[in-house]
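All remarks here apply to the structure that follows.
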Amino acid sequence: MIHGTAETTIQFMDPRGKSLQSGVQPARRPASFEGGVIGLINNSKINSGQLLDRLADPLRKALNPANILLFSKTDATRPAPKYLIQQVSETCDAAVLAIGD
């Protein structure tokens, strides 16, 4: 758990779960993020950019990545464009998508 200002606490949760669908495998995850690259994707909803800005420093301290890259979708109502998905997948070891509101 990372404690920020008096009104903010950021808790990292393990996103891995069990699929109810047989034959579905979760994406491969790195054993460590140290020295890796983490992408933060703003989906353009209200407050998603602020959430990612506040998340970057705790991620740096907790995971020690070489870099954190910021990406943005231009429209929250549409899927990420293929070029953005390709750019994130080619440059990042993991990504966080903020949905805001």
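Structure above, values below:
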| quantity | calculated |
| --- | --- |
| Segment 35-101 - convex hull of the alpha-carbon atoms, volume per residue in Å³ | 66 Å³ |
| Residue-span extension gain [ASN64 to ALA27] - 0.36 nm each, minus C-alpha spacing | 11.2 nm |
| Computed label-point distance, nm, for sites ALA94 and ALA56 using a 7 Å Cα→Cβ extension | 1.9 nm |
| Dipole magnitude of segment 35-101 about its Cα centre (Cβ charges: Lys, Arg +1; Asp, Glu -1), debye to nearest 20 | 60 debye |
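Read the figures in this text as sums done on the coordinates, not as results from a lab. Note that the coordinates shown come from a computational prediction; the quantities given were computed from them, not determined experimentally. Glycine gets a Cβ as well: all are built from the backbone with ideal geometry, and neighbour counts include every protein chain shown.
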